[in-house]
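What follows is a short report on a single structure.
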Amino acid sequence: MSASPLPRLLRLTAVLLACAASAACTARPAGSTDDAGRAPATIRVPAEAPTIGAALARARPRDLVLVSPGRYRETVRVRTRQVTLRGTDRNQVIIDGEGRRGNGIVVTAPGVTVENLTVRSHLQNGVLVTGLKNGDEGVGRGSDGYHRLDPAADPPLDGFRVRYVTAANNGLYGIYAFNARRGTIEHNYASGSADSGIYVGQCKPCGILVRGNTAERNAVGYENTNASGPLWIVGNRFTGNRVGMTVGSDYLEALTPQTGATVVGNLVADNTAADTPEQADGGYGIGIGIAGGRDNTVTRNRITGHPRAGLVLTSSEDLPPIGNHVTANAFAANALDAAYVAPAHAPGSGNCFTGPVGHTLPADLARVMACPAPATPAPGPRTLPDTPPAPPGLPFLDVPLPPDQPQLPGAATAPATPFTGGPAPIDPAGVPVPAPNLLAEHSRDRR
């Protein structure tokens with residue numbers, strides 16, 4: 001649904017009037033020589049600029065756009081590198097799509113930080129970070145099955161941070177990093193997403209850290225499609241969704257197959273919530289799904305409370321699962337702790353599984369796939385067990401809003417810390433199995 005021309009004209013007029021009153025709006029290319037040696041500025045909204053967009057039109061590299069509490073009815077586009085966009089109060093600075101606008105925040109410049117605010121009720125995405133030129137309205141695909149992404153024409157966005165953001169009730173993704181690399185997604189909360197709360201897609205190598213986030217009441221908590229290592233999904237809470245998280249390959253995006261993600265120390269529990277948007281593929285009651293992924297490490301996660309399966313390994317079309325290591329996870333209260341259901345036309349190889357385990361499919365999975373020298377179970381007509389039908393789900397705009405979330409320390413007063421590099425590597429050996437109440441204080445379930 002597109003906005004009418006008149007509101008767009010009014011917003012443009014407001015930006016032009018704000019610029020006319022300030023020499024800081026004089027057009028300069030980002031990174032021009034007169035930025036050298038310049039002290040970073042803070043531009044306050046609405047005290048010094050009437051809208052977030054007007055402030056960003058004035059911002060130059062290393063500036064801080066600091067937003068006071070209020071409801072901002074605009075799509076925010078960040079096109080200047082190394083800018084920090086920050087709310088003074090995470091729960092009271094709200095970029096509201098009102099169920100009418102496509103995106104909340106669209107980042108297409110490198111080195112940008114988005115922090116300490118809420119984005120909600122957008123038809124597409126809460127926060128979109130992308131290097132695709134056609135991704136401005138949130139439709140970011142690198143392949144339609146016939147045309148492949150051209151890295152020379154659309155290089156990945158290099159460097160980003162999204163942290164302390166609450167993304168609620170968005171029609172596709174809460175936080176969406178696509179064709180972007182060297183980034184950090186941490187301490188965020190995502191709920192009410194009709195596709196997934198957090199999505200990382202189409203990067204190889206990614207160099208992305210997804211850490212300390214809570215995703216609940218989404219169709220899928222976290223999705224990782226054609227996003228390859230180094231990539232770390234560490235210490236997150238994926239609970240109370242329809243499906244906890246997925247890792248896989250998909251021909252609808254470029255850079256197949258997906259390889260080399262590290263999934264460690266996450267709580268993936270009770271992904272059976274009825275007050276969630278319906279999952280497009282009908283998935284329900286599954287903790288972790290790996291479809292056509294390769295050489296992924298899934299270790300020391302707590303995976304509990306799933307009526308279909310805690311972890312599923314399968315193919316994606318003709319892309320088999322290859323070389324995935326599933327070790328030392330804590331399983332409990334799942335109908336199946338693990339299932340290997342790759343079909344005969346893409347049976348997979350080199351996958352291995354060790355650690356405490358209860359029921360599996362096939363029943364001898366732990367023996368046949370024992371590390372370090374795994375075989376592959378003989379392919380067959382295996383399917384996950386029948387369960388009661390998934391509940392019908394809610395329209396994404398009707399999912400109850402989340403509780404207040406913790407603030408970025410010093411949000412109202414601290415200077416910006418411009419992005420200077422990607423995340424440091426994570427050693428999975430130093431990450432323990434999480435407690436059953438990991439990040440419970442952030443959850444609406446409080447357990």
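Key figures for this structure:
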| read-out | value |
| --- | --- |
| Segment 192-204, residues that are farther than 17 Å from VAL119 by Cα and crowded, with 24+ Cβ neighbours inside 10 Å | VAL200, GLY201, GLN202, CYS203 |
| Out of GLY207, GLY212, GLY221, sole residue that is in contact with a strand residue (DSSP E or B) (Cβ under 8 Å, 6 or more places away or on another chain), more than 19 Å from THR130 (Cβ to Cβ), surrounded by fewer than 24 Cβ atoms within 10 Å (Cβ to Cβ) and small (Gly, Ala, Ser) | GLY212 |
| Answer from TYR222, TYR251 - the residue that is part of a strand (DSSP E or B) and either touching a residue at least 60 places away in the same chain (Cβ under 8 Å) or within 20 Å of LEU438 (Cα to Cα) (or both) | TYR222 |
| THR239 being of a type in the set (Val, Ile, Thr) and crowded, with 24+ Cβ neighbours inside 10 Å | yes |
| From the options LEU157, LEU231, LEU172, residue that is aliphatic (A, V, I, L, M) and surrounded by fewer than 24 Cβ atoms within 10 Å (Cβ to Cβ) | LEU172 |
| Within segment 165-190, tally of residues that are of a type outside the set (D, E, K, R) and part of a strand (DSSP E or B) | 16 |
| Test: residue in segment 395-416 that is more than 30 Å from SER193 (Cβ to Cβ), part of a loop (DSSP other than H, G, I, E, B) and at pLDDT 90 or above | yes |
| Test: residue in segment 433-447 that is more than 17 Å from HIS187 (Cα to Cα), touching a helix residue (DSSP H, G or I) at 6+ places or on another chain (Cβ under 6 Å) and among the charged types (D, E, K, R) | yes |
| Flag for GLY310 being surrounded by 24 or more Cβ atoms within 10 Å (Cβ to Cβ), under 15 Å from GLY221 (Cβ atoms) and among the small types (Gly, Ala, Ser) | yes |
| Residue among ALA338, ALA346 that alone is among the hydrophobic types (A, V, I, L, M, F, W, C), surrounded by 17 or more Cβ atoms within 10 Å (Cβ to Cβ) and touching an Asp or Glu at 6+ places or on another chain (Cβ under 6 Å) | ALA346 |
| Per-region count, segment 336-360, residues assigned to a strand (DSSP E or B) and either of a type in the set (Asp, Glu) or under 10 Å from LEU313 (Cβ atoms) (or both) | 4 |
| Filter result for the condition that a residue is buried (at least 17 other Cβ atoms within 10 Å of the Cβ) and out of contact with any Gly (no Cβ under 7 Å at 6 or more places or on another chain), over LEU401, LEU394 | LEU394 |
| Those residues of segment 310-327 which are of a type in the set (D, E, K, R) and touching a residue at least 40 places away in the same chain (Cβ under 8 Å), in sequence order | GLU317 |
| Residue that is within 18 Å of ALA215 (Cα to Cα) and over 22 Å from the mean Cα position of the chain (by Cα), where the choices are GLY305, GLY310, GLY289 | GLY305 |
| Pairs, first on the phi < 0 side of the Ramachandran plot in segment 387-408, second exposed (fewer than 14 other Cβ atoms within 10 Å of the Cβ), C-beta under 7 Å, six or more apart | ALA390/GLY282; PRO391/ALA274 |
| Tally of residues being touching a Pro at 6+ places or on another chain (Cβ under 6 Å) and not in a loop (DSSP other than H, G, I, E, B) across segment 310-335 | 2 |
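Here's the yes/no breakdown for (1) part of a loop (DSSP other than H, G, I, E, B); (2) modelled with pLDDT under 95; (3) at negative phi:
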{"residue": "VAL106", "(1), (2), (3)": "no, no, yes"}
{"residue": "PRO110", "(1), (2), (3)": "yes, no, yes"}
{"residue": "VAL114", "(1), (2), (3)": "no, no, yes"}
{"residue": "VAL119", "(1), (2), (3)": "no, no, yes"}
{"residue": "VAL127", "(1), (2), (3)": "no, no, yes"}
{"residue": "ASP150", "(1), (2), (3)": "yes, yes, yes"}
{"residue": "ASP154", "(1), (2), (3)": "yes, yes, yes"}
{"residue": "GLY159", "(1), (2), (3)": "no, no, no"}
{"residue": "ARG163", "(1), (2), (3)": "no, no, yes"}
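The values are calculated or read from the model by the stated rules, or taken from the named source; none is laboratory data. Bear in mind the structure is a predicted one, so any value in this text is a computation, not a measurement. A quick note on method: Cβ atoms are made from the backbone with ideal geometry, for glycine too, and the neighbour counts reach across all protein chains shown.
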